[in-house]
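Comments concern the structure below.
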Amino acid sequence: MAPRTPIPEQNQPLTPAMFHVLLALAGDDLHGYAILKEVELRTDGEVKLSTGTLYGIIKRLLNDGLIIERRERPAAHDDERRRYYRLTPQGRELAAAEAERLEKVVALARSRHLLKRTQPA
């Protein structure tokens, strides 16, 4: 396996909320409200982002080049006020690196018998 490109310092630290937004966009291009709902759904309601938090994260991710705003509309009937976002290759790489880091942390927690049961993804 080829070594990973180092992650630029400007993109660190990746907060849990930022990671959840990147995870939501790893599945599909979404608008802001859909990102909020995707995060809430995928975390069984444990993570609920406010709109202010979400749009602050989106602004930072756009500035860091981790996501882009799509110019084309996904559907003809869609509300033209909605802005859709897409994960960039750099954003996907950063999300993957964070997932790998977290996987190592979970493996360490398991080795220390801190997890009572194994939960499927």
* Asked: What ³J(HN,Hα) values, in whole Hz, does the Karplus curve 6.51 cos²θ - 1.76 cosθ + 1.60 give for the range 94-100 when θ = phi - 60°, with x put for Gly and Pro?
  -> 5, 4, 5, 5, 5, 4, 5
* Structure fact -> Scalar couplings 3J(HN,Hα) for the range 38-43 by Karplus 6.51 cos²θ - 1.76 cosθ + 1.60 (θ = phi - 60°), nearest whole Hz, x for Gly and Pro, are 5, 4, 4, 5, 5, 10
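FYI, it's all coordinate maths here, none of it is from the lab. The structure presented is a predicted model; accordingly, all values stated were derived computationally and were not measured.
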